[in-house]
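Comments concern the structure below.
The values are calculated or read from the model by the stated rules, or taken from the named source; none is laboratory data. Nothing here was measured: the structure is a model prediction, and the numbers come from that model. Here the Cβ is made from the backbone with ideal geometry for all residues, glycine too, and neighbour counts use every protein chain on show.
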């Protein structure tokens, strides 16, 4: 690769300098332990009740408004992992606290705990005090709602083992997105999925209908990866994408050199011929949960239609059924927990 960016259509690969900058911003050197050196057979260590209390107390002291964002199951999953410098021992408690603190620090610095309020503001009347007192912020709230409105991202259903499923409809994504608004919308959705996880579930699954994706924009891709790495470590269980196209191959060529190894290993590219079998094994109700855009019976457009068929959900600009999505995911969570308690 030369010093000049390699082009595919309007999209460009990164120069070595841009790649180095991206890796620095991602903080991969300090993050390696949290995302690598872990496989299905990796040993998991016990974490005592006292140690859990110590972690909770430390996080509550540093981040009193957001410390309860982590479930006990997630804290235990982080603290129970082997230490990358010596895989025969558990991560030191101080190290686990630091990793968890890094996530909460990122959330604080990027304003994540208050992002969901932007959807509420955008769905409210334009003459409401929260809209008129800070017009610039109101415009950003509307931009986030607009990023949601195309219905290219939504939660719907669970996997057989209770993981929430985030669906991506690439053909609905804009060719030239508002990167800031798109990343904020994705972050809001990520927090929704985490808040609706059944007991003892700590990660989620992403399934992408990658038919007719827009040209990849490196700035957006890097911000997306940065958000996943810094804000949601160990949250992605699996990403399945179909069909494989030149654009998807380009995206992987762009992102793989920047990805921690374990994160890259969670991405599965499929063709349309075998995606049905993959989803039947993965989704909670098997074949019945395969959506129509993958030649199954489940009509997602009943809940998340194309934006042109949507009406406003309130006096503001929101058309996407954000609150209905949360209700349906909460219902799926309750039903899954009830079934597993009784079985």
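Observations, loosely collected:
- Of all residues in segment 134-161, those satisfying the criterion of being closer than 24 Å to residue 305 by Cβ, touching a residue at least 60 places away in the same chain (Cβ under 8 Å) and more than 16 Å from the chain's Cα centre (by Cα) are 142, 145, 146, 149, 150.
- If you filter segment 314-343 down to residues that are farther than 13 Å from residue 154 by Cβ and touching a helix residue (DSSP H, G or I) at 6+ places or on another chain (Cβ under 6 Å), you find that the one that is surrounded by the most Cβ atoms within 10 Å (Cβ to Cβ) is 318.
- Residue within segment 69-84 that is outside the structural domain of residue 314 (by TED's automatic domain parsing), without any contact (Cβ under 8 Å) to a residue 24 or more places away in the chain and closer than 27 Å to residue 190 by Cα present: yes
- Residue 162 part of a loop (DSSP other than H, G, I, E, B) and more than 28 Å from residue 111 (Cα to Cα): yes
- Screening residue 136 on (1) surrounded by fewer than 18 Cβ atoms within 10 Å (Cβ to Cβ); (2) assigned to a helix (DSSP H, G or I); (3) in contact with a helix residue (DSSP H, G or I) (Cβ under 9 Å, 6 or more places away or on another chain) shows it passes everything except condition (3).
- Looking across 282, 269, one residue alone is surrounded by 19 or more Cβ atoms within 10 Å (Cβ to Cβ) and within 19 Å of the chain's Cα centre (by Cα). It is 282.
- Those residues of segment 222-232 which are over 10 Å from the mean Cα position of the chain (by Cα) and surrounded by fewer than 19 Cβ atoms within 10 Å (Cβ to Cβ), in sequence order: 223, 226
- Breaking point among (1) touching a helix residue (DSSP H, G or I) at 6+ places or on another chain (Cβ under 8 Å); (2) surrounded by fewer than 21 Cβ atoms within 10 Å (Cβ to Cβ), for residue 197: (2)
- Checking 175, 155 one by one, the residue that is modelled with pLDDT under 95 and not in a helix (DSSP H, G or I) is 175 and no other.
Residue-wise test of (1) under 18 Å from residue 245 (Cα atoms); (2) in a helix (DSSP H, G or I); (3) in the same structural domain as residue 333 (by TED's automatic domain parsing).
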| site | (1), (2), (3) |
| --- | --- |
| 287 | no, yes, yes |
| 293 | yes, yes, yes |
| 308 | no, yes, yes |
| 315 | no, no, yes |
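- Of the criteria (1) at negative phi; (2) modelled with pLDDT of 95 or more; (3) assigned by TED's automatic domain parsing to the domain that holds residue 324; (4) within 18 Å of the chain's Cα centre (by Cα), which one residue 170 fails: (2)
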